[in-house]
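Here is the structure we will look at, set down as structure tokens.
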Amino acid sequence: MLVALAGGVGGARLLAGLVRVVDPTEVTAVVNTGDDMVLHGLYVSPDIDTVVYTLAGRANPVSGWGLATETWTVMDELATLGGETWFRLGDRDLATHLYRTHRLAGGASLREVTAELARARGVRIHVVPMSDDPVRTCLTLAEDAPGAPAGTEIAFQHYFVRLAHAVAISALRFDGAGTARPAPGVLDAIGEAGAVIACPSNPLVSLGPMLAVPGVRDALRARRDAVVAVSPIVAGVALKGPADRLLAELGHESSAVGVARLYADWAGTLVIDEADAHLADAVEAEGVRAVVAPTVMSTPAVAASLARTVLDAAR
Ligand code: FO1
């Protein structure tokens, strides 16, 4: 069994490459739920849906989130009513949130509902939320933003979508992490995995929430030699999203070396892009083995070869 720690688009892309080189039923993806929120009374779980849609071959290829063939009649009608439409929920995507909300209200766990949604969409890997308990990524503004002065703490999607993450942050917190339990099977999967892959997801707001769930970081530390991470920072910048700025704003180095420093206690190996080959020694100086390879997954074939590189590094 392979375990992959995955956040949004970067995690989904590597998983799509991984299932081209191994039996999908041998893969367990542990997915971030710190981005989740209730909106219009519906439970939305963006990173889980991005992983499921991508592996189902139905993700919107441009945005990376939501469904490819989508219509927006509900959002359009909601706008005429003066409802909230800053977070775009397509008509087909809404079916996912209606189904999940209904099943959760009926007492099902997030893990159970996620498995049902993945199966219904023909996804053959095991998609597992990091926890069935609520963990919510909260960010404190370092500067005034429209409608929120510096010092305000906002929810992740408010930061990421409403403010388009175009605002500096001074602090990060995972509300609920202290009392959250890893979802059933997560710790066992990490303990028994032939290899654990930390996908090129945002170190702070995609992998960070998982590491904050009690037991997860210790389980990874115990398997450190089998843990291979892929740097989401290439030549000092994030390929997608605010990872580079968040790292700098929160006092970390926005580079492959900065990522190695963050991961050093639980990941034995870090795959860095060829653009960062000159940083390999500095990565190894952090006590993390450096593997240099193409990590920019511009095509599924590149994602597949990166997956092979990661699996070879884990051996
Ligand atoms: N991201 C946006 O930038 N704008 C949106 O309107 C938006 C809607 C949305 C709906 C469902 C979903 O699963 C994801 C959505 N995302 C949107 C992406 C989401 O904010 C990110 O995927 C994660 O939270 C960060 O990886």
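The values are calculated or read from the model by the stated rules, or taken from the named source; none is laboratory data. Here the structure is a predicted model, which means the values were calculated and not measured. Cβ: placed from backbone, ideal geometry, glycine included. Neighbour counts: every protein chain shown. Protein only, heavy atoms only, side chains kept; ligands, DNA and RNA dropped before computing areas. Shrake-Rupley method; radii C 1.70, N 1.55, O 1.52, S 1.80 Å.
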Original post:
Are any residues in region 6-32 closer than 27 Å to GLY215 by Cβ and open to solvent by less than 10 Å² (accessible area, probe 1.4 Å), and if so, which ones?
Top reply: ALA6, GLY7, GLY11, ALA12, LEU14, LEU15, LEU18, VAL27, ALA29, VAL30, VAL31, ASN32
Subject >> Single residue of VAL52, VAL30 found to be part of a strand (DSSP E or B) and under 18 Å from VAL113 (Cβ atoms) >> reply: VAL30
Subject >> From GLY41, GLY34, residue being near the ligand (Cβ under 10 Å from one of its atoms) and modelled with pLDDT of 95 or more >> reply: GLY34
**OP:** Would you please name the residue that is farthest from GLY10 (Cα to Cα), looking only at residues in region 79-105 that are open to solvent by 40 Å² or more (accessible area, probe 1.4 Å) and among the hydrophobic types (A, V, I, L, M, F, W, C)?
**Re:** LEU81
**OP:** Assess whether ALA307 counts as being open to solvent by less than 10 Å² (accessible area, probe 1.4 Å), within 25 Å of LEU187 (Cα to Cα), without any contact (Cβ under 8 Å) to a residue 60 or more places away in the chain and not in a loop (DSSP other than H, G, I, E, B).
**Re:** no
Original post:
Can you tell me which residues in region 133-157 are within 26 Å of GLY64 (Cα to Cα) and open to solvent by 50 Å² or more (accessible area, probe 1.4 Å)?
Top reply: PRO134, ARG136, ALA155
Subject >> Checking ALA180 against (1) touching a strand residue (DSSP E or B) at 6+ places or on another chain (Cβ under 6 Å); (2) of a type outside the set (Asp, Glu); (3) closer than 25 Å to ALA16 by Cα, the condition it does not meet >> reply: (3)
Original post:
Are any of the residues in region 106-116 within 14 Å of the ligand (Cβ to nearest atom), open to solvent by less than 20 Å² (accessible area, probe 1.4 Å) and over 27 Å from VAL213 (Cβ atoms)?
Top reply: no
Original post:
For region 5-15, does any single residue satisfy the condition of being touching a residue at least 12 places away in the same chain (Cβ under 8 Å), part of a strand (DSSP E or B) and closer than 21 Å to GLY185 by Cα?
Top reply: yes
**OP:** Identify the residue in region 63-100 that is within 25 Å of the chain's Cα centre (by Cα) and at positive phi and, among all such residues, is farthest from the ligand (Cβ to nearest atom).
**Re:** GLY64
Subject >> Exclusive hit being outside any strand (DSSP E or B), closer than 29 Å to VAL113 by Cβ and assigned by TED's automatic domain parsing to the domain that holds GLU274, set ASP188, ASP244 >> reply: ASP188
Original post:
Pairs, please: C-beta under 8 Å, at least 6 apart or cross-chain, first residue within 16 Å of the ligand (Cβ to nearest atom) and in region 146-159, second open to solvent by 50 Å² or more (accessible area, probe 1.4 Å)?
Top reply: ALA155/ARG136; PHE156/ARG136
**OP:** Would you mind stating whether ASP76 is surrounded by fewer than 17 Cβ atoms within 10 Å (Cβ to Cβ) and either charged (D, E, K, R) or not in a loop (DSSP other than H, G, I, E, B) (or both)?
**Re:** yes
**OP:** Restrict the check to region 147-168 and report whether at least one residue is part of a strand (DSSP E or B) and in contact with a Lys or Arg (Cβ under 6 Å, 6 or more places away or on another chain).
**Re:** no
Original post:
Looking at region 267-283, which of its residues are more than 25 Å from the chain's Cα centre (by Cα) and closer than 20 Å to ARG221 by Cα?
Top reply: none
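So that you can scan it fast, the table gives a plain yes or no per residue for (1) open to solvent by 30 Å² or more (accessible area, probe 1.4 Å); (2) touching a residue at least 24 places away in the same chain (Cβ under 8 Å); (3) over 30 Å from ALA171 (Cα atoms):
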residue	(1), (2), (3)
VAL234	no, yes, no
LYS240	yes, yes, no
ARG245	yes, yes, no
ARG261	yes, yes, no
GLU274	yes, no, yes
ALA293	no, no, yes
ALA303	no, yes, yes
LEU311	no, yes, yes
